[in-house]
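The values are calculated or read from the model by the stated rules, or taken from the named source; none is laboratory data. Bear in mind the structure is a predicted one, so any value in this text is a computation, not a measurement. Cβ placement follows ideal geometry from the backbone for every residue including glycine, while neighbour counts extend to all protein chains displayed.
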Protein chains: 4
Amino acid sequence: MKAFASDNYSGIHPEILDAIHNANSSHAISYGDDTLTTETNSLFEKHFGPVKVLYTFNGTGANVVALKCATLPFQSVICTQYAHIHVDECGAPVQAIGCTLVPIATEDGKLNPGLIKPYLSAKGNVHHNQPRVISISQSTELGTVYSLEELKILCDFAHANDMFVHLDGARISNAVAALDVSLKEATVDCGVDIMSFGGTKNGMMIGEAVLIFNKELQQHADYFHKQSAQLFSKNRFIAAQFKALLSNNLWKRMATHANKMARLLAEEVSKIEGVQITRSTDANGVFAIIPEHAIVPLQEKFRFYVWDESTLELRWMCSFDTTEEEVRHFTATLQQLIKKHH
Amino acid sequence: MKAFASDNYSGIHPEILDAIHNANSSHAISYGDDTLTTETNSLFEKHFGPVKVLYTFNGTGANVVALKCATLPFQSVICTQYAHIHVDECGAPVQAIGCTLVPIATEDGKLNPGLIKPYLSAKGNVHHNQPRVISISQSTELGTVYSLEELKILCDFAHANDMFVHLDGARISNAVAALDVSLKEATVDCGVDIMSFGGTKNGMMIGEAVLIFNKELQQHADYFHKQSAQLFSKNRFIAAQFKALLSNNLWKRMATHANKMARLLAEEVSKIEGVQITRSTDANGVFAIIPEHAIVPLQEKFRFYVWDESTLELRWMCSFDTTEEEVRHFTATLQQLIKKHH
Amino acid sequence: MKAFASDNYSGIHPEILDAIHNANSSHAISYGDDTLTTETNSLFEKHFGPVKVLYTFNGTGANVVALKCATLPFQSVICTQYAHIHVDECGAPVQAIGCTLVPIATEDGKLNPGLIKPYLSAKGNVHHNQPRVISISQSTELGTVYSLEELKILCDFAHANDMFVHLDGARISNAVAALDVSLKEATVDCGVDIMSFGGTKNGMMIGEAVLIFNKELQQHADYFHKQSAQLFSKNRFIAAQFKALLSNNLWKRMATHANKMARLLAEEVSKIEGVQITRSTDANGVFAIIPEHAIVPLQEKFRFYVWDESTLELRWMCSFDTTEEEVRHFTATLQQLIKKHH
Amino acid sequence: MKAFASDNYSGIHPEILDAIHNANSSHAISYGDDTLTTETNSLFEKHFGPVKVLYTFNGTGANVVALKCATLPFQSVICTQYAHIHVDECGAPVQAIGCTLVPIATEDGKLNPGLIKPYLSAKGNVHHNQPRVISISQSTELGTVYSLEELKILCDFAHANDMFVHLDGARISNAVAALDVSLKEATVDCGVDIMSFGGTKNGMMIGEAVLIFNKELQQHADYFHKQSAQLFSKNRFIAAQFKALLSNNLWKRMATHANKMARLLAEEVSKIEGVQITRSTDANGVFAIIPEHAIVPLQEKFRFYVWDESTLELRWMCSFDTTEEEVRHFTATLQQLIKKHH
């Protein structure tokens, strides 16, 4: 049974698995000095323009490496209270760097200059951590998507205040598919300095990439990469997956489908009495409140998480392999559970 | 063309690749709470007895997580001057823990109580790092293998001095195949407290495992695992590989073959005048000195590394997919290069 | 001109300076193995009961050492948004340990179980930092003082949830003088596990002490102390100061005086129209809002800090050497500045 | 009874204690923004030329702050096997930075380009820590002193290889007094980039200073200083001591005397049959081997340390307050102990 728990419950897209197969021929130079990695680097440049690419194993690894490139121990990283780096990585970036994360309360999972400004008074005062990075998630942990305009304003603000912008793109494909622009337009063209580009949640077996656009942050990147235990000896097997992902629009086909399923899900459940959609369904996540009695029975049939224990807000994620049939089955089950109770 | 540079140049064994395929069905709970991971944990227990298993992405990650479980920042890890953790991980364990590594000079890549004793005078003196872990590599970076007796003596010595033994088993399968005992007899039965169990260099696409035998070291292990960015969301795809590796003796079949190829290589090249085998070929690595003029031309045909720049000692590694034909081709080429020069 | 900026603007109490003098005779064993340190340790035990004492140079050093004794990198320290460890130490504890600080919003600078409970849902979930320490300041950064009852409830709550209580006692003497109980009654008897005992802000030239009551936290303390660069070779010169401080009630005489001056200051300025006391003056700090036009002219005569740039709330600190005359001069000056403007 | 154990057994020079007294007038701005600190900064500039000064509490603190300014976590610091930062600080610099120390075997406690060169092959290879700092001690832990020529050659070598030179100057005054040049000639003029300037072992009560000559290393220094818990609120009391030390040649008067006592001690004991001076007595430390039976009885009268447990080499340190009478008493006692045995 498919789950709506997380897009990381999903499997491997057949085109990705084929790519792994095809990469498995004879020997290849290790640690990324192989031809498949070189080809994939070029493909990233085709999509993003000039960029330094570091392949990593998982999202936490990508975020740690990216933030290491941008942050010294006495500096701080500004993020939202919902940020994966703050909430879901057991403090990995803080432990790896020694810096402090500054989580800011936000309604919609997005940051903006107004929210950040009050924290800049610490600047230049030796007693306080020095704000250095603004880290945003796109799409956000609340399923919302920054517009290009919002991104540009935030990046301009960061640069005007001598800060960098890190984008946690565990679900960047879903965001860019939703915005319907190119990967470049949605990231480096807005001013993003460094980003984590997600693969695992969008049909890959394993792999993320740190994309470093800002040359200043590239300087020591290879060493931070290696020392963070994120440099892969048989890197061709991650590169091959990214090559498939970035070819034939696969990244966008999968993300668009996941987004479509989420919108369908949101539309269908919102027709059910007693169900309330709580967030804007911009990408592939649906947030909702349903009658409390229905939660556990529904979880028994379709695994998913309670997002907020205090409000019992639920989160349902769709992925590249979620089918319309499954969405309709889910919706019907929910409807039945609610009806039965009346 | 196959290389003799490293066993991490090799690809994926077909049985492993099949296992990845078969794991790719529908959804599975993330972060190791899936059934494949549970089954693989049981398989590890079948081979090793009671053990806590943490899956990691690479060897550096495994070593970092293992040493974190055993070491506080003011403590030190005793290893050899050749130890991968000391030489080849860009200081990852030191950076991750804040501890100090104490590299000890050794002829054959092995530690013994006599070599370690002088360093124990630091014990109890607040001005010095406190020796806490003896970390050994099995097989060693010099291609040698500790005997069971040597392991037992070292582990007893460690425990008598309130220290733990960590075994870096990036090539443990090669060592155990060479010893021709069970995995359990060669590790936990000798007194090893915690180990990194290698997969990548023995036919897997990706994956290592930290095996924690000593309950004292299990206490916080899950948190160190997660905080080190080594917990995989789609863990079933690493577990599946280990399941295949630990089934039908695959780990041993592959390791035995690689060892056999190394012995063949050592035997054949030692017949060539001017070639000197410099280390005991206990596992899958051959160390040799050849006429200097032959090095570069040989490297142009078969990639390999100069192990020691000062002595021009070379290292040739064999892997599960090295063929007898390749070994003979290599030997013949070397012979020809040397002859031509005379 | 005396300042009301901070109690660390003050000098050395004559009895303390005499103690330094008297300690300066011939040679003494270094690193705390001297007789003066032994005597001072006994004096701490006389005041607090069984305790392990570590002398440190400053408050940040004391807090870092204390938190190191209680916290592993994947754990978290719960404190208030105003906590010195969070706001004023440039992230020293975070950098030194790798842990995360969890700052909680509070009205009066105090924590209580109700404020902390929501954060305990992270417990046992490997994705989140694990709450391990509750760190409170006594007196608080807002000049308030926990009652013994409040302390006991908080300590019981901590222990019931497998957490420790750290007390940042940079101004513990002021708090205990205000409570008019013994040092022991106000700390270890309430359940405090470990504390930083302040000297510098209460008449000493230099020196703080980490007092470890909980035996579990004493285990590695000497090594954390040394590795944190807080072990002093000529420790007799810090011990001598503490010996004087803890003799003849000097700690209490000074703190009581500072508190009295603060109360006087609060009473007198509150009589001035347009001046509003914003916090309870429990110890030696007075918080107030005055007409904006008077701030800078007043600062030109008596140095002090604007506590909150957004509300223009001011902080005035009194110290052991603040005189009644100075308080009255300050009050009169403020009154004059306000009048002149009307 | 005076000891020959360490120069940190000594007390406070009267001129220094007077300076503390005189600094104790009324209030002063905290954290080094006071006039005494400003004056002392100028005095440092008078002695050394343009320099950024950070005051610290102890030598370990100074070394940690200095190395933080120069080293990233993936880099390494090259030192000798005897270096205080390697042997005697419980791993403080490693823990604080995450970098690796590379201890090099040396006969006389000094480094030179020939000893360092082999370690530079790591440069540019992502698998290895990157050599970044050469850290030397002047005078060395073996009581020897680098000549100006040796220093210049080493600094030139460092800079030619894109490295910095850190000088651990816990006993820099003894070295400079021995060289009989100016402080500037012996440090920055030779090419030293950053140094720890010792006060505690040369007559101060407490205090060391980090002197940063290289502007590149000054950039973040204030933050590293604060985050390392080495910024003192009542800094005037350390600054005042340095002001006295750097005035009226006090630093040199004390160091010259200590050196003279060491030379006298070496001369006198070397006349005793069975006593062998083992190191060049360049500064204030004497290393010797004496008949084993005499060690403990001598220690009972004059405290000192066995430097090397394996050879029973002893170390005797002289300090500013060692008297000729004490040296002669020590020598006579040793002679008597040896005679008695025959």
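A few points about this structure:
A quick yes/no check of all residues on (1) at pLDDT 95 or above; (2) farther than 18 Å from residue A:199 by Cα; (3) at the interface with chain B (Cβ under 8 Å from one of its Cβ atoms):
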residue	(1), (2), (3)
A:7	no, no, no
A:24	yes, yes, yes
A:30	yes, yes, yes
A:39	yes, no, no
A:54	yes, no, no
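- Meeting the requirement of 2 or more residues that are crowded, with 16+ Cβ neighbours inside 10 Å and at pLDDT 95 or above, the strands (runs of 3 or more DSSP E) wholly within region D:279-319 are D:285-289, D:313-317.
- Region A:5-26: number of residues that are surrounded by 21 or more Cβ atoms within 10 Å (Cβ to Cβ) and of a type outside the set (Gly, Ala, Ser): 7
- Residue in region D:151-160 that is closer than 14 Å to residue D:283 by Cβ and either basic (Lys, Arg) or not assigned by TED's automatic domain parsing to the domain that holds residue D:314 (or both) present: no
- So residue C:142, is it farther than 21 Å from residue C:85 by Cβ, more than 14 Å from chain A (Cβ to nearest Cβ), under 17 Å from the mean Cα position of the chain (by Cα) and not polar (S, T, N, Q): no
- Within region B:118-134, residues that are assigned by TED's automatic domain parsing to the domain that holds residue B:193 and in contact (Cβ under 8 Å) with a residue 60 or more places away in the chain reach partners that are in a strand (DSSP E or B) and crowded, with 16+ Cβ neighbours inside 10 Å with beta carbons closer than 6 Å, at six or more positions or on different chains, in the pairs B:132/B:75; B:133/B:77; B:133/B:164; B:133/B:166.
- Residue within region C:287-295 that is under 25 Å from residue C:107 (Cα atoms) and in contact (Cβ under 8 Å) with a residue 60 or more places away in the chain present: yes
- Residues that are more than 14 Å from chain D (Cβ to nearest Cβ) and either within 14 Å of residue A:32 (Cα to Cα) or of a type in the set (A, V, I, L, M, F, W, C) (or both), drawn from region A:222-247: A:234, A:236, A:237, A:238, A:239, A:240, A:241, A:242, A:243, A:244, A:245, A:246
- Matching residues, region B:28-39, being in a helix (DSSP H, G or I) and touching a helix residue (DSSP H, G or I) at 6+ places or on another chain (Cβ under 7 Å): B:36, B:37, B:39
Every residue, every condition in (1) in the same structural domain as residue B:133 (by TED's automatic domain parsing); (2) at negative phi; (3) of a type in the set (D, E, K, R); (4) outside any helix (DSSP H, G or I), yes or no:
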| residue | (1), (2), (3), (4) |
| --- | --- |
| B:3 | no, yes, no, yes |
| B:19 | yes, yes, no, no |
| B:26 | yes, no, no, yes |
| B:41 | yes, yes, no, no |
| B:65 | yes, yes, no, no |
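- Meets criteria (surrounded by 19 or more Cβ atoms within 10 Å (Cβ to Cβ), in contact (Cβ under 8 Å) with a residue 60 or more places away in the chain and within 12 Å of chain D (Cβ to nearest Cβ)) for residue B:92: no
- The set of residues in region D:66-87 being under 18 Å from residue B:119 (Cα atoms), within 9 Å of chain B (Cβ to nearest Cβ) and free of Cβ contacts under 8 Å to residues at least 40 places away in the same chain consists of D:86 alone.
- Residues of region B:296-310 satisfying the condition of being over 23 Å from the mean Cα position of the chain (by Cα), without any contact (Cβ under 8 Å) to a residue 40 or more places away in the chain and closer than 21 Å to residue B:267 by Cβ: B:298
- Against the test of being closer than 30 Å to residue C:60 by Cα and of a type in the set (A, V, I, L, M, F, W, C), the options D:264, D:250, D:245, D:298 yield a single qualifying residue, D:245.
- Among residues that are surrounded by 24 or more Cβ atoms within 10 Å (Cβ to Cβ) and not basic (Lys, Arg), residue B:60 is included.
- For residue D:38: the one exception among (1) closer than 30 Å to residue C:30 by Cα; (2) free of Cβ contacts under 8 Å to residues at least 24 places away in the same chain: (1)
- Test: residue in region B:128-145 that is touching a strand residue (DSSP E or B) at 6+ places or on another chain (Cβ under 8 Å) and surrounded by fewer than 17 Cβ atoms within 10 Å (Cβ to Cβ): no
- Residue tally, condition touching a residue at least 60 places away in the same chain (Cβ under 8 Å) and assigned to a helix (DSSP H, G or I), over region C:47-63: 6
One line per residue, one yes/no per condition, for (1) over 29 Å from residue C:202 (Cβ atoms); (2) away from every other protein chain (no Cβ under 14 Å):
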residue	(1), (2)
D:208	no, no
D:211	yes, yes
D:215	yes, yes
D:220	yes, no
D:252	yes, yes
D:258	yes, no
D:265	yes, yes
D:268	yes, yes
D:308	yes, no
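- Matching residues, region A:9-22, being among the charged types (D, E, K, R) and within 12 Å of chain B (Cβ to nearest Cβ): A:18
- Criterion applied to D:116, D:97 was being touching a helix residue (DSSP H, G or I) at 6+ places or on another chain (Cβ under 8 Å) and within 13 Å of chain B (Cβ to nearest Cβ), and the one residue passing it is D:97.
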